[in-house]
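The values are calculated or read from the model by the stated rules, or taken from the named source; none is laboratory data. On a predicted model such as this, the values are computed, not experimentally measured, just so you know. A quick note on method: Cβ atoms are made from the backbone with ideal geometry, for glycine too, and the neighbour counts reach across all protein chains shown. Keep in mind that these areas ignore ligands, DNA and RNA; they rest on the heavy atoms of the full protein, side chains included. Shrake-Rupley method; radii C 1.70, N 1.55, O 1.52, S 1.80 Å.
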Amino acid sequence: MGSESILICIPDISGFTQFMSKTNIELSSEVIPALLNKVIYANQIGLKVSEIEGDAVLFFKPGELPPFKELIGQCRKFYEEFYIQLNVLHEKYKNHDEKDHIPEMLGLKIVLHYGKQVSAVPIGKNIKLMGEDVIVAHRLLKNDIPIDEYILISQDLLSEYKENIIERNFGWGQLHDHQTNYKHIGEVNYSYINLKPLIS
């Protein structure tokens, strides 16, 4: 199968490692799948699931990009539904000794990237994404953004939208420009929006 241009979207649970190490397996095996399912079912713009990666969902969308405002709205939907589920789980396990770990440790960050040379390869019933831009998207999850919950939008994706249709201030948050230098990749430019004001 040839390569194509693909939107990559990765909602990733922040605090996952700490939560798994400090919470018994019975609770964590209930909480994490419930949160990931909530994110998957909050998809309203036709994103396809490539992989579920323990603490993250790898979505992709080939073809025409959704309008920028709609894409940000989808990310906001992921975040708000995630927090609705956090509260449901906290209440559900209110008699559990470790219930407070659920809202204290867990949060959500979302990486958006645009790959121009990505192969979507069918493996069994799944679609495996391959290509350098898939690697870049995953590396962007590791960055030095000074907050834990955000939408990160790579410059490669922002460049696909005309400057006059990119809203840099959303009322609840605004885009901040940043960059990170990665070994074997080099400097990657991106912008990010703090998601925390949506639930504060």
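Of all the stretches in the chain, which is the longest one without any exposed loop site, taking trypsin sites (Lys or Arg not before Pro) in a DSSP loop (any state but H, G, I, E, B) with at most 13 other Cβ atoms within 10 Å? Intermediate values should be presented prior to the final figure.
Details: sites that count: LYS94, LYS125, LYS142, LYS162, ARG168, LYS183.
Here the longest run is 1-93.
Can you tell which of HIS184, ALA56, ASN143 lies farthest toward the positive end of the dipole of the chain, using +1 and -1 charges on the Cβ of basic and acidic side chains (Lys, Arg; Asp, Glu)? Result: ALA56.
What's the carbon and sulfur percent of the range 1-143's accessible surface, probe 1.4 angstrom, rounded to a whole number? Please report the intermediate quantities before stating the final value.
Working: 3470 of 6910 Å².
Answer for the range 1-143: carbon and sulfur cover 50 percent of the accessible area.
Run the dipole for the chain about the Cα centre, Lys and Arg Cβ at +1, Asp and Glu Cβ at -1, nothing else charged, and hand back the magnitude in debye, nearest 20.
On the way: 20 positive and 27 negative charges, 60 e Å.
It comes to approximately 280 debye.
Shape class of the chain from the Cα gyration tensor (axes a ≥ b ≥ c, square roots of the eigenvalues): prolate, since a/c reaches 1.5 or more and a/b is larger than b/c. Applying both filters, DSSP loop and at most 15 other Cβ atoms within 10 Å, to the GluC sites (Glu not before Pro) of the range 1-108 gives GLU53, GLU64. Separation of the range 15-51 and the range 112-127, taken as the distance between their Cα centroids, equals 21 angstrom.
With respect to the cross-link table entries LYS77/LYS125; LYS92/LYS125; LYS92/LYS196, which display a Cα-Cα separation exceeding 32 Å? Where the Cα-Cα span goes over 32 Å, the pairs concerned are LYS92/LYS125. Between the C-alpha center of the range 56-88 and that of the range 143-200 there is a gap of 15 Å.
Shown here for the range 110-200: chymotrypsin sites (Phe, Trp or Tyr not before Pro) in loop regions (DSSP other than H, G, I, E, B) with at most 14 other Cβ atoms within 10 Å, namely TRP172.
Could you state the accessible area per residue of the chain in Å², with a 1.4 Å probe and every protein chain left in place? Don't jump to the answer; show the numbers that get you there.
On the way: 10200 Å² over 200 residues.
Spelled out: the 1.4 Å probe surface of the chain, per residue, equals 51 Å².
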